[in-house]
Amino acid sequence: MTNNSPFIFLLSGVLAFAGPVSCGHAASEQKASYGTRVKYGPGEKIEFPDFTVEYVGERRKTVSVYPRGFLYYDFKVSKGKAEKIVSWTTGTGVIDPTDFEIDGKHFQLELRRSDKLGKLNENELVIWQGNSAFR
């Protein structure tokens, strides 16, 4: 009789890794805390304590007074059945957080630059609990 312990250990490790990855859903979620840098990407759900956020994509909106238009980054924020789109833009160059509310609570979403954490990478966001009056 042979000892199969190393083989069983290796096989269980492969199955433990392959399970969440093959499912797709479990591999695309991450947990995050307020006030920390979080990487985002299309189709990835980020679970914060009070809601889930998912990057939807970007869009350009033109207006007659500014034909070059504005580039918006859209995020779907959801809690239970409540769902809303939160859009962030630099507008004409001012990099400010975007305020939003869900379930009666106030939050801010920052891209490109955080008031407290400094420059953010292209695929990073920060969400703060409360709005500027509360920070």
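Some notes on this structure:
- Fraction of accessible area attributable to carbon and sulfur, the range 35-132 (%, probe 1.4 Å): 47 percent
- Probe 1.4 Å, accessible area per residue of the range 66-135, Å²: 57 Å²
- The alpha-carbon of Lys31 sits under 25 angstrom from the alpha-carbons of these lysines, leaving out residues fewer than 8 places away in its chain: Lys39, Lys45, Lys76, Lys79, Lys81, Lys84, Lys105, Lys116, Lys119.
- Cα gyration tensor, the range 64-135 - rounded (a/c under 1.5), prolate or oblate: oblate
The values are calculated or read from the model by the stated rules, or taken from the named source; none is laboratory data. As the structure is a prediction and not an experimental result, all values here were calculated from the model. Quick note on the areas: whole protein, heavy atoms, side chains included, nothing else; ligands and nucleic acids left out. Shrake-Rupley method; radii C 1.70, N 1.55, O 1.52, S 1.80 Å.
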